Amino acid sequence: MLSRRLLPDQVAHPLSKQKMFEAFSRARLPLLLLSLLLLVGGSKLDAVRPLEGQIVAFVIPAVAVISGVAPFSDAHGPLRNRVFALGTVVLALSELASYQAVFEAAPLFALATPLAFAVALPFAVWAEVGGARRGLRSRLTAWLGLAMVFALYFRGHALKNNLFGSVFAAFFVALFLGGGAGLCVGEFAVRRARSA
């Protein structure tokens, strides 16, 4: 009887890349919340709080967008490219809104940002459904919704004398309003597409 020898890339690994990514994606939001709580606990020094607020204002949208688009790195080419383009637009506009709030700059694209986000949200739902049809588990709508609501709320409500508190408040508004609503809408759309 001839024995067939498997090449190293043909051997099934118990911890595949997809399983490791799914385990990390489940822990991402609790890790984000834990890091924010540690940041609050570590910000007992009043002199450090403004700098921490500035840093976190730019980190939150980046983490949210990267977390949303990361599952699509293994997706079908056209879908991956569209999702990465969407993520780039959302990240650029979110970081621009954070810049405007932190440095009190004149609002560039003041009306264009909400309009672009209004167009981006249905596209995120479409991409999440498209990914689910190809076997990808993602929460693209929730993550991008978090980044979008954070950008809009923070730009409109940032206080220069309490920047850290403004970032913290904007994060929780974005978490529940943007992330929560995005999670519900995305999950509803995926389930509806699977049942059709």
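The values are calculated or read from the model by the stated rules, or taken from the named source; none is laboratory data. Just so it is clear, the model here is predicted, and its values are computed rather than measured. Neighbour counts run over all protein chains shown; Cβ positions are idealised from the backbone, glycine included. Only protein heavy atoms, including side chains, enter the accessible area calculation; ligands, DNA and RNA are left aside. Shrake-Rupley method; radii C 1.70, N 1.55, O 1.52, S 1.80 Å.
Structure notes:
- All positions within the stretch 153-196 that are within 16 Å of the chain's Cα centre (by Cα), small (G, A, S) and either within 30 Å of Q54 (Cβ to Cβ) or open to solvent by 60 Å² or more (accessible area, probe 1.4 Å) (or both): A170, A174, G178, G179, G180, A181, G182
For (1) assigned to a helix (DSSP H, G or I); (2) hydroxyl-bearing (S, T, Y); (3) surrounded by 13 or more Cβ atoms within 10 Å (Cβ to Cβ), each residue gets a yes or a no:
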site: A47; (1), (2), (3): no, no, no
site: P50; (1), (2), (3): yes, no, yes
site: V63; (1), (2), (3): yes, no, yes
site: G87; (1), (2), (3): yes, no, yes
site: S94; (1), (2), (3): yes, yes, yes
site: L115; (1), (2), (3): yes, no, no
site: V125; (1), (2), (3): yes, no, yes
site: G135; (1), (2), (3): no, no, no
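- For the residues E22, E95, the requirement of being modelled with pLDDT under 70 and within 16 Å of the chain's Cα centre (by Cα) singles out E22.
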